[in-house]
Structures are given as C-alpha cells and as structure tokens.
1. With only alpha-carbon atoms counted, please give the Rg and Dmax of segment 54-93, in Å.
2. Show me, for segment 76-89, the HN-Hα J-couplings you get by feeding each phi into the Karplus relation (A = 6.51, B = -1.76, C = 1.60, θ = phi - 60°), rounded to Hz, glycine and proline as x.
3. Which ³J(HN,Hα) values in Hz, rounded to whole numbers, follow from the phi angles of segment 63-71 under the Karplus curve 6.51 cos²θ - 1.76 cosθ + 1.60, where θ = phi - 60° and Gly and Pro get x?
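All of the numbers you see were taken from the coordinates with simple rules; none came from a lab. What you are looking at is a predicted structure, and each value in this text was computed from that prediction instead of being measured.
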Amino acid sequence: MTAGWEKGRLRGPSIQTGRGKPRKPVRSALPVMRDLFRIVDRTGLSYEALAKKAGCHKQSLTNWRRGEYSPYLQQFENMATALGYEIVLRKKE
C-alpha cells in the first residue's frame, strides 16, 4: 500500500515562503514528509501557527523537516489536517 493525498501530491523544488528568507530544503527520509513540508512551504504558514493548529511544538516541526526525528502517525495526521489534507491509503496497482 502507498500513502497519497486526497488533494493530490505537490512537487517541486520551490521553498520560497514569501516571508523573506527561504527555508532550508527538506531532508526527511520519508517521501511523504518531504511532500508535506513542500505543502507547508507553499502555504507560507509559519511553524508557530502550524504547530498550534497541529498540537505540537515548533521545534518538533524543525526536527521532522531536518530528518532528525520522524513524527508518530497521529502527529503526522494532525499536521496534514491542519493544512487541509487527509491521509489516504490505496492499494498499489
């Protein structure tokens, strides 16, 4: 099974947030986390605002982005929900 996004996958190298200084590239080992942080970058939402919506710490977001730690599934789901996405599993063809 693979995970996908109900709204479709967002791809691309752009990490300009529109808030001045661009964020560092996503280093997470999980492709789905890289996709999620690309969505974060495109929304321009601050880590403080996202952390508040997702119910986690701002530093946790930074650690997940750097690939230092991986979120639990519930944390990942909360983050996706805060961005207006849901996690969907589909069977590989």
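1. Rg, Dmax (Cα atoms, Å): 11.7, 38.
2. Calculated HN-Hα couplings, in order: 4, 5, 4, 5, 4, 5, 4, 8, x, 10, 10, 8, 10, 9 Hz.
3. Calculated HN-Hα couplings, in order: 5, 5, 4, 6, x, 6, 9, 10, x Hz.
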